[in-house]
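Undergrad: The structure follows.
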Amino acid sequence: MRSSDSPGWDASTTSERGKADVARVGLENLFQFSPDAIFVTDADGVIRDANSRATELFGYAPGEFVGMSVEALVPERFRGRHPSHRENYNAHPRARQMGAAMNLFGLRKDGTEFPVDIMLKAMQTVEGMVTLSFVRDATEQKNAIEMARQQDQQLRSIVESVRDYAIYLLDGEGYILTWNPGAERIKGYTAEEIVGKHFSVFFSEEDRGRDRPAELIRSAIQKGRIEEEAWRLRKDGSRFWADVVLTAIRDSHNEIIGFSKVTRDFTARKRAEEAVMLQLSNALLANLDVRKLLGAISASISEVIPHDAATLGLYDQATGTLRVQFLVADASGASRGDVRLALENSPAGEAFQTRGSVVLDRIAASRFSPEGVRHLTNLGMQSGCWVPLIHRGELIGVLAVAGRLEASFSQSDAEMLAQVADQVAMGVNNAVAFRQIAELRDRLTQEKQYLEEEINVENRFEDIVGESTGLRQVLKEIETVAPTDATVLIQGETGTGKELLARAIHRLSPRSERTFIKLNCAAIPAGLLESELFGHEKGAFTGAIARKLGRLELAHEGTLFLDEVGEMPLDLQPKLLRALQEREFERLGGTRPISVNVRLIAATNRDLGKMVAEKQFRADLFYRLKVFPIFSPPLRDRVSDIPVLVRHFVAAHSRRMGKNIEKISDETMDALKRWKWPGNIRELENLMERAVILTRGPVLYVPLAELDNAEEEQAEEAETENPSLRAAEREHILRILRETKGQIGGPDGAAARLGVKRTTLNSKLKKLGIERSDY
């Protein structure tokens, strides 16, 4: 029998009640600060409670959910089936985890739908059975899946468009997985007939008896890629002479997961076509760059049309011009650069526009402008012949030959060159298609690798945490600049969350569905930074064993974040500036310009203006970066955010370590608010992680002695404050003072806008030497 007169009973009861209160407060905090929307519904599907995330996600005001039927949050097309699902769940209550069902959608108050993932948990209460519904916005996950699907479709469409090559995939044992139209045309099998069969079906009985298929697979595994020419069998039993390339495909663990196979049929071609295409195909296999084909094209033309110079002009749709390249080097062995020709007033342009041949006996006396033929007349060419390159009805460029004698070419030469041009157009088109396939494959592979690295890197906080006026002002600036494509320079001390601000700009921008690529200029050796930024071609330098796409190329159509941009070497800065201004660059060791459309965000904890004055940073790049500067406030100016951040970090690290920390004492919190945090948010998080490790009970233990010991050192450092950010901070405060027309106090004054006290702001004005006349 319990009695209120029993001191022991009173003490135990008080202790139990205290624990219950702490548990209740902890659950309430988890309920309110959960990143997922949480609903509490009764057996009839009536909402009894919802957290703040639910109001954000569904667009209802706080308290508006209570008494509402949960069906109101379900799109109308699913609403009829929802009550039966709820009745079934009430009859058999169970925990359902995230991902248990797909294609679920929520309905916002404004009538818009969005994909969701839902976890259910039934709970017994004194008022009866209730259901906790955890609702997560799955929009980003759906978008990522859709993006991967579209990219896979693009890759498949490119492969499907190549009908002159049999291109297909094998599994690790040699069984056929895919089949393109080129394979069906060359080998005679439809996809339904051949997919799932072993590729040895294409070999003769003699080759199968010698175990040639297995030998090829072993060789491809050992060498990575093999090429051979041999007899192969079609479906009807006829043989054809095939050029085969077999390439091993490995996963991220270097394990063989399959093979790609490319087969070409050489038997049915005319001897003249065979001579041309053989050279083009060999060059194509050696390198996907169209430039590598040029010498083979010139050698092939020389067999039928003697000439002194030959050019290949490819149409550039972006500029509406022909990019003309000489097929061979000049007599000195030096290669000539590309020439850009307008379609008007040039023989190459006329051949392209009319789809007909142009023959000139005397180039200098022709009707075309000197600029349209200068690249030939400068070499002493007197006559020339131009024919269009047409592949499957599409104009892709112009092929031309020139001679040092007048009237070197007849109309019959033009007709012969046109026949050669048909084969050249096919070879060039296939080279471009293969290059597109390779580049898309490399891009997808490296984007996948980069995104996997991003996912594996632990994100210390999922979003920007804080409610201070200064932080809100920064977020307003982000909302202003994010929808534009303007370059943003984020300035602030180390550890203030500059990368989070950059990611917020990306998420709010029209590029949010594309890739966010980051590069820390201080974390990569200066000698490797150029390769990391622009990429490199195979053999560009010692150790460049394969082509690598740079961060700039990976960020195409997305956002590139250059962290610690002040650490970028001076010799690399003009190359970055050129890429930003002209929107094109070349990989190390490359010769082909690559166009990019990138939104740049840069961040630094250094005073770039001072670095420019000291010749440590280029002025032109500085002004190009400083289109829209944002100042990330230090934690000492966001004192009101410290409790929110402390609880956030403690909750995150407690979950990760499996601890249950329920309380943070007022004394501890006051001490944390007094500390100046020279390392800012990063220092606070590290201290909270250490505190969670050291805590043994439900009350957070923070090693405050570390702060006390460092207080004297911090005071000394404050006297000699790092001058690198003074200019940025001074500029930020001046801008706010101008916006408030010099008003310091009051709810609309500069102090309130900056999130500091009026006395603190006055002290800063004196410290930074800001006079009233300055604003």
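Undergrad: Quote to one decimal, in nm, the extra length available between A619 and V699 on full extension: 0.36 nm per residue of separation minus the C-alpha distance between them.
TA: That pair, A619 and V699, stretches by 23.5 nm at full extension.
Undergrad: Want the number for V627 to A540: 0.36 nm per residue separation, take away the alpha-carbon distance, what's left? Walk me through the numbers on the way to the answer.
TA: Values: separation 87, 0.36 × 87 = 31.32 nm, distance 3.44 nm.
Length difference between fully extended and current span is 27.9 nm.
Undergrad: Based on alpha-carbon atoms only, what is the radius of gyration of region 105-248 relative to the globular estimate 2.2 N^0.38 Å?
TA: 1.75
Undergrad: Checking the cross-link filter: which lysines have an alpha carbon closer than 28 Å to that of K121, excluding same-chain neighbours under 8 positions apart?
TA: K19, K109, K142, K659, K663
Undergrad: With each pseudo-label sitting 7 Å past Cα toward Cβ, what's the R655-V195 distance in nm, one decimal?
TA: Distance between the two pseudo-spin positions: 4.1 nm.
Undergrad: Ranked highest first by average number of other Cβ atoms within 10 Å, how do 81-90, 129-138 line up?
TA: Most protected by this proxy first, the peptides run 129-138, 81-90.
Undergrad: Based on alpha-carbon centroids, what's the gap between region 374-412 and region 183-257 in Å, whole number please?
TA: Answer, in whole Å: 42.
Undergrad: Within a Cβ distance under 12 Å of I693, other residues only, what is the Lys/Arg minus Asp/Glu net charge?
TA: After counting each charged neighbour, the total is +3.
Undergrad: If one computes the Cα centroid of region 61-104 and of region 120-135, what distance in Å separates the two points?
TA: That distance is 12 Å.
Undergrad: Modelling each spin label as a point 7 Å along the Cα-to-Cβ direction, I'd like the L104/R210 distance in nm, to one decimal.
TA: Simple spin-label model gives 6.1 nm for this pair.
Undergrad: Please report Rg (one decimal) and Dmax (integer) in Å for the Cα set of region 645-704.
TA: 10.7, 30
Undergrad: Normalised by the empirical 2.2 N^0.38 Å for globular proteins, what value does the Cα Rg of region 584-659 take?
TA: Taking N as the residue count of region 584-659, the ratio is 1.81.
Undergrad: Would you check the accessible area of D44, probe 1.4 Å, heavy atoms only, in square angstrom rounded to 10?
TA: For D44, solvent-accessible area is about 110 Å².
Undergrad: On full extension of the chain, what length is gained from D49 through E228, given 0.36 nm per residue of separation minus the C-alpha to C-alpha distance?
TA: Full extension of this stretch gives 57.4 nm more.
Undergrad: Does anything in region 612-639 have its amide N under 16 Å from the 7 Å Cα→Cβ label point of R738, and if so which residues?
TA: Flagged as within label range: 626-631.
Undergrad: Send over the semi-axes of region 485-534's equivalent ellipsoid, whole angstrom and largest first, taken as the square roots of 5 times the C-alpha gyration tensor eigenvalues.
TA: Semi-axes, largest first: 22, 16, 9 Å.
Undergrad: Here's something else I'd like to know. Can you tell me the order of 104-112, 498-506 when each peptide is scored by its average per-residue count of other Cβ atoms within 10 angstrom, highest first?
TA: Ranked by mean Cβ neighbours within 10 Å, highest first: 498-506, 104-112.
Undergrad: Hey, another quick one. Which order do the peptides 523-533, 176-186 take when ranked by the mean count of other beta-carbon atoms within 10 Å per residue, highest first?
TA: By packing density, highest mean first, the sequence is 176-186, 523-533.
Undergrad: Report, ordered by chain and residue number, the lysines lying within cross-link reach of K498, taken as a straight Cα distance under 22 Å and ignoring same-chain residues fewer than 8 apart.
TA: K476, K518, K610, K626, K673, K676
Undergrad: Need the list of lysines near K197 for cross-linking: C-alpha distance under 21 angstrom, and skip anything on the same chain fewer than eight residues off.
TA: List returned: K187, K235, K261.
The values are calculated or read from the model by the stated rules, or taken from the named source; none is laboratory data. Note that the structure is predicted; figures quoted are calculated from it, not measured. Because the Cβ atoms are built from the backbone with ideal geometry, glycine has one as well, and the counts that use them run over all protein chains shown. All accessible areas refer to the heavy atoms of the entire protein, side chains included, with ligands and DNA or RNA removed. Shrake-Rupley method; radii C 1.70, N 1.55, O 1.52, S 1.80 Å.
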